[in-house]
Amino acid sequence: MQVPPPSPVAAVRAGRRPNPQIAQFKRTLFFLRRNTLAVIGLGILLFFVAVALGSFFYPAPAFVMPQECGTLGNIANASSCICTYQIGTTPPGAGCYPVQSVSPSLIAPTESLHPVSLGPLPMGSLSTDTGTPYFYNLFAGMVKGSPWSLGIASSVVISMSLIGMMLGSVAGYKGGILDELIMRATDIFLAIPGLLLLIVILATVGSLFSSLEGRLAILIGAFILTGWPIYTRIVRSQVLVTREQKYVEAAKASGARSGRILRKHIIPNSVYPVLVQMSLDIGTIPLSLAALVFLGFQIFPSIQFPEWGNITAESVNQTFLKGILTYCATDSSCVFPWWQIFLPGLTLFLFAISVSFLADGLRDALDPRLRR
Amino acid sequence: MNAYFFARKIGQIVSLILLMVVVLYAIFRLMPGNPAELFLISSRTRASTVELKALEAQLGLAGGKWNFHGFLIYFEDMLTFNFGYDYYYQATVWQLLSLALPYTLLLLGTAAVLSYVGGIPLGIVATWFRGKRTEGGIVTSALVLNAVPYFILAIVLYLYFVSYLKIAPVRAEFPWTDITSPSLANFATVVTDMALPLVTLVVIGAAAHLLTMRASMVSVLGEDFITTARAKGVPERSIMFRHAARNAMIPVSTRMALEFALLASGAIITEIIFSWPGIGHLIFQAILDLDYPLAEGALFLISLIVILAYGMLDFIHAWLDPRIQL
C-alpha cells in the first residue's frame, strides 16, 4: 500500500499557500515514518527520554558498605562470598564481599575507582579516591544516570552545532580573510585526533576546579572544542552551495542585509546535514566519556555523578583493569560478574544504535536520491 | 594543474605547520607548574639537578615559563625535528618513537587495509541490490556493528580470549625482528599477538567505510555519466565497479586522510587494553607522566602528518574525478 507523500499542490489550489519550511518538514516526517529502522530508533530514543523523566521518581542507588568476609584461605561465610584478586597473583588477594544479601544480577561490588597512573599530573587532583569499597546498584545507577547522559550529550551536540552554524555560515557567506582564518582554525583542531585532543585539554585545564559543576563545565567545554570544526566545515560547504541560489539573489536584490539573508535564508536551508551529523555524534559522547574515565581522567565518582559513561568505566575498570577474576569459595557458586559489563554495555549500545538508525533514516528522508 | 593553486596550497600547508607549532607551545605552557620541576619529583624518575638544568635548557625554560627566547628555542627544535633527549626513558625521543612506530604501523595499517577491503566492496554490493532485502540486511548489520562500543568490544574480547580461554597472549611481546626476518613460525606469533586488537579495529572500521561508500555510491548513480554509460550498453557490473565506484571514492578518500591521523597516533584505547606497545600507548603515557620532550615531539609529528595528508587530498580528488579542476 503506497501512500503518496503530502503534496503542497492541493493546498495551493485551495487558495492556501503553505509555509515551505513546514511543508518540507512534513515531507521529511512522511519518509521517516516509512523507514522501519528509523521508527525503531526513534522508539528507543523516546524510551530513554521517558526513563530520564521518570528517573526523578526513582529511589537513589543504594550504597552498601560491604562487610569483609575474610581472606580467601579463611572465609567466614563461604557460600555467600565473591572474592576478587589480581590476575597473576595467587589468592588470597583483595577483599571478599558478601553477595547473597542482594541480587547479584543487579549489584556489582564496585570499589571506588583507582586511577590508572597519576603521578604528579594535574589530573591527580581529579581523583577522589576514598579507598572505601561500596556496593553500587548498577541498574539504579543507569536509571539515575539517564538524565545526566542525555543532558550532557545533547548540550554538547547542540552547542557544537550552534557554533558550527555561526562560524560556518559567516565563513562560507563572507569569504575572504574571515573564511581563511576560520578554516585554518578548524584545520588546527582537526590535525590532532579527537581523543588525544580531549586528553590534552583535560590534562591542561582539568585541575582548575574541584566542584562537580566546574569539572562538568570543563568536560563539556572540551567536548565542544573537539567537535566544533566538523560542524563548521559541514555548514560552510553547505552555505557555499546555497548562497548561489536564486532566492538568495532575490533577497539581495530586494535590499536585505547580509545578517538577515544569513538568518532567514541561508542557515535554515543548510540545517539538515547538521541534523544528521548531530544524531551521529550524540551517541558517541557517553562512549568517549567512558573512554576518558577508563584512561584515568575521572571527573567525579559515580555516587555523585551517575553518568552512563562514568558508571561503565568504573564498572569495567573493576572487572578488567584491576585484573579481577572472581574466585568463589565453592566452585558451584562461582559466577563471572558478566552483568558488570553487559548492563552498561547494552545501554551504551542501545543509545548509539537508536540515534544511528535515526540518522540513517533522516539522511534517506532528506536526500531524495537515497530513498528506498 | 594551475601554478597559482599549487602555490596557494603550499602556502596554506606551511602556514598551518607554523601555526601548529605555536598552538602546541601554548598548550604545553598552559599546563600548571614548571614541567622540569614536576618531572624531577615524579615518582618513577630520579633526575639529578644537572639533568634538571639540562632539561630546562632543552625545553627553553631557563628564563622562565613564558619567555620569547625559550619560544625561539622550541620553534627551532620542532622545525628541525630535533626533539631532544628524554630523561624519563633515558633515550632520545627519536629512538622511542622509532621503537613504537613499527608496531602502530603494522597494527593500524593492517586494520585499515582489511577494513577497506571488507567495507568498500560490500558498500558497492549494497547499492547494487538497492531496495532489495540484501541491501537492508547489509546496511542494518553495518549500522548495528557501527554502534557497538569499541571499548567494550575490546574488553569482552580480552576477557574471553586472554583471561578465560587463555589462548591469546596477555601482552604482545614479539620482538620487532620477528617481522623483519620472515619465517612461518614468526608469522604465526605476529598473527596471534595481533589478532584481537585487529578484530576490534576492523569490525568498527569496515562498518563505517561501508556506510560512507554506500551513501556516496547512491548519489553518484544519479549522475549523467552513469546514464550515458547505461545508454551505450556498458554492463551493469562494469558501471558499478568501474564508473561509479571510482567517483564514489571521493568521500571515502577523505576518510582515508582521517585514517592517517589514526595511523600516526595509534588507537589509544585499543593499544592500552591489549598492551600493544605502539605510539598511542606511548603518547598517552607521556602526557600522564608529564614527559614533555616526548609528548611535544610526538604530538607535533602527528599533526604534521595529518596536515600533509589533508593537503594531499585535493590532488587525490582531482585524480579520482577528472571534472575537478585544480
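Yes or no, residue by residue, for (1) modelled with pLDDT of 80 or more; (2) assigned to a helix (DSSP H, G or I); (3) within 22 Å of B:A112 (Cβ to Cβ):
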residue: B:G137; (1), (2), (3): yes, yes, no
residue: B:L143; (1), (2), (3): yes, yes, yes
residue: B:I155; (1), (2), (3): yes, yes, no
residue: B:I167; (1), (2), (3): no, no, no
residue: B:L196; (1), (2), (3): yes, yes, yes
residue: B:V203; (1), (2), (3): yes, yes, yes
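Looking across segment A:347-364, the residues that are within 8 Å of chain B (Cβ to nearest Cβ) and within 16 Å of A:G309 (Cα to Cα) come down to A:L348, A:F349, A:A352, A:I353.
Taking the numbered list (1) in a helix (DSSP H, G or I); (2) over 22 Å from the mean Cα position of the chain (by Cα); (3) modelled with pLDDT under 85 in turn, B:Y103 passes all entries but (2). Close contacts from segment B:221-239, counting a first residue that is touching a residue at least 24 places away in the same chain (Cβ under 8 Å) and a second that is outside any loop (DSSP other than H, G, I, E, B), with Cβ to Cβ under 8 Å and a gap of 6+ residues or different chains, come to B:L221/B:T127; B:L221/B:A244; B:E223/B:N247; B:E236/B:W128. The helices (runs of 4 or more DSSP H) falling completely within segment A:206-262 that include 3 or more residues that are free of Cβ contacts under 8 Å to residues at least 12 places away in the same chain and of a type in the set (D, E, K, R) map to A:246-253.
Restricting attention to segment B:219-235 and to residues that are among the charged types (D, E, K, R) and assigned to a helix (DSSP H, G or I), the residue that is surrounded by the fewest Cβ atoms within 10 Å (Cβ to Cβ) turns out to be B:D224.
Suppose the filter is more than 14 Å from chain B (Cβ to nearest Cβ) and surrounded by 15 or more Cβ atoms within 10 Å (Cβ to Cβ); does A:M165 pass it? It is true that A:M165 is more than 14 Å from chain B (Cβ to nearest Cβ) and surrounded by 15 or more Cβ atoms within 10 Å (Cβ to Cβ). Can you confirm whether segment B:307-318 contains a residue that is closer than 30 Å to A:F297 by Cβ, outside any helix (DSSP H, G or I) and of a type in the set (A, V, I, L, M, F, W, C)? Taking every residue of segment B:307-318 in turn, none turns out to be closer than 30 Å to A:F297 by Cβ, outside any helix (DSSP H, G or I) and of a type in the set (A, V, I, L, M, F, W, C). The single condition from (1) touching a Gly at 6+ places or on another chain (Cβ under 9 Å); (2) at pLDDT 85 or above; (3) away from chain B (no Cβ under 14 Å) that A:I230 fails is (3). Once segment B:113-137 is narrowed to residues that are within 14 Å of another protein chain (Cβ to nearest Cβ) and of a type in the set (G, A, S), the residue that is surrounded by the most Cβ atoms within 10 Å (Cβ to Cβ) is B:G123.
Out of B:S275, B:S253, B:S265, one residue alone is at pLDDT below 85 and at the interface with chain A (Cβ under 10 Å from one of its Cβ atoms). It is B:S265. Exactly one residue out of A:T186, A:T204, A:T284 is touching a Lys or Arg at 6+ places or on another chain (Cβ under 8 Å) and within 12 Å of another protein chain (Cβ to nearest Cβ), and it is A:T186. On the basis of being assigned to a helix (DSSP H, G or I), farther than 24 Å from B:A111 by Cβ and at pLDDT 80 or above, does B:H243 make the cut? Answer is yes for this residue. Against the test of being within 30 Å of B:Y158 (Cα to Cα), modelled with pLDDT of 80 or more and under 18 Å from the mean Cα position of the chain (by Cα), the options A:V293, A:V316, A:V276 yield a single qualifying residue, A:V293. Among the residues of segment B:278-323, write down those that are hydrophobic (A, V, I, L, M, F, W, C), in contact with a helix residue (DSSP H, G or I) (Cβ under 6 Å, 6 or more places away or on another chain) and more than 14 Å from every other protein chain (Cβ to nearest Cβ). Once the filter is applied, which keeps residues that are hydrophobic (A, V, I, L, M, F, W, C), in contact with a helix residue (DSSP H, G or I) (Cβ under 6 Å, 6 or more places away or on another chain) and more than 14 Å from every other protein chain (Cβ to nearest Cβ), segment B:278-323 yields B:I316, B:L320.
The values are calculated or read from the model by the stated rules, or taken from the named source; none is laboratory data. Given the structure is predicted, the values throughout are model-derived calculations rather than measurements. Because the Cβ atoms are built from the backbone with ideal geometry, glycine has one as well, and the counts that use them run over all protein chains shown.
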